[in-house]
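Some notes on the structure that comes next.
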Amino acid sequence: MLIREIRGKTLSPGRTNKMILEIVQYGHPALRAKGRRIEKIDQEIRDLAEDMLESMYEADGIGLAAQQIGRPIQMCVLDVTGVKDRPSVLRLNGKAVEIEDYMPLVLINPEVELLGKPHTGMEGCLSFPGLRADITRPFSVRVTARNLAGKEIEFEAEGLLARAVQHEHDHLHGLLFIDRMEPSQRKEMNQEIEDLRSA
């Protein structure tokens, strides 16, 4: 079963000191670090997941990896419910479910199997403010991960959710969406990218 937490509810009952974390920008070494596997899901990890969600919402994002707040570990958070013009599908045991019932997602030590045909779509990244580019990725994925209860979860995703999962999974391995750009596009945007590094 996926963790079923609704935006605004706490993942850590009784906790009152939620924090908005700084999202690091391109050039920070954590963005190129492969995340360490999380061996123990303790209160520190649960609190960090909640702070990451708060930080993602504050920045109007749909995904955030631990590397983006300077922590190279294998955890990311996602919530695509605010996006109405780019559909997402979430399947459990082969059946589509109401995606709102399963957001936000906290994925720990995720493994992602790429499925479906390549699809090109627009992407941005909270660590690259103002930068957007067309990125080609498989249209669907199968994900196996742990949730905050330590239970193994498995689901399939299509559309925007699949794209967001792949984007955040890349972060967990030190890859950035600029690495997925076509060479001509990367060359064309190189000055904008480097300006972010020096900001």
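Observations on the model:
- For the stretch 29-198, size of Cβ-based charge dipole, Lys and Arg +1, Asp and Glu -1, in debye: 580
- Entries of K84/K187; K40/K95; K40/K151; K34/K84 with Cα pairs more than 23 Å apart: K84/K187; K40/K95; K34/K84
- Most mobile listed residue (L176, L131, L161) in the chain, GNM with C-alpha springs under 10 Å: L131
- Projected area averaged over orientations for the chain, convex hull of C-alpha atoms, nm²: 10.8
- Dipole axis of the chain (+1 Lys, Arg; -1 Asp, Glu on Cβ), positive-most option in P104, L161, Q43: Q43
- Per-q log10 I(q)/I(0), the stretch 82-199, q = 0.15, 0.16, 0.18 Å⁻¹ (Debye; single scatterer per alpha-carbon; no solvent): -0.73, -0.81, -0.99
Every number here is computed from the coordinates shown, using simple stated rules; none is lab data. Since the model is a prediction, treat every value here as computed from it, not as a measurement. We place every Cβ from the backbone using ideal geometry, glycine too, and count neighbours over all the protein chains shown.
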